[in-house]
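The structure under discussion appears below in the form of structure tokens.
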Amino acid sequence: MAAMDLFGRRWALRILWELRAGPLGARALLAHCEGLSSSVLYQRLRELTSSGIIAPSADGYELTRLGAALSQALQPLDEWAITWAQAQAQEQDDQNPAEA
């Protein structure tokens, strides 16, 4: 349950998603996560660091081994989200056909 509490917090999964390709500093994370405030970012970074999911690095923050495993587990969810978005777009197109 503790994991669901952590990952259910706003921006936590997004931060993890942005770190999947490699380390990022706080400024880069803020740029990648439009609408994320610096205070919330630093709170999430502290929480994710204390949970062992991310760690500070010379380049900012990076996924730990546990964080990398979580990132791999999130990949199927990303694939599902893409399929869902395409279905939503198709449904929208079907409901509002373009006039010729």
May I ask you to give the solvent-accessible area per residue for the chain, in square angstrom, as obtained with a 1.4 angstrom probe?
69 Å²
Positive-end residue of Q72, S51, L41, charge dipole of the chain with Cβ unit charges
S51
Extension length gain for A81 and A2 (0.36 nm per residue less Cα distance), in nm, is 26.0 nm
With a 1.4 Å probe and all protein chains left in place, how much of the accessible area of the chain comes from carbon and sulfur atoms, in whole percent?
54 percent
Taking H placed 1.01 Å from N in the peptide plane, check which residues at least 5 places from E62 or on another chain put their amide H under 5 Å from its amide H.
A55, S57
In deg cm²/dmol, rounded to the nearest 500, the helical mean residue ellipticity at 222 nm of the chain, built from -39500 (n - 2.57) for every DSSP H run of length 4 or more, is -20000 deg cm²/dmol
Test item: Cα-centred dipole of region 2-95, Lys/Arg +1 and Asp/Glu -1 on Cβ, debye:
560 debye
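The values are calculated or read from the model by the stated rules, or taken from the named source; none is laboratory data. Nothing here was measured: the structure is a model prediction, and the numbers come from that model. Neighbour counts run over all protein chains shown; Cβ positions are idealised from the backbone, glycine included. Side chains included, ligands, DNA and RNA excluded: accessible areas come from the protein's heavy atoms. Shrake-Rupley method; radii C 1.70, N 1.55, O 1.52, S 1.80 Å.
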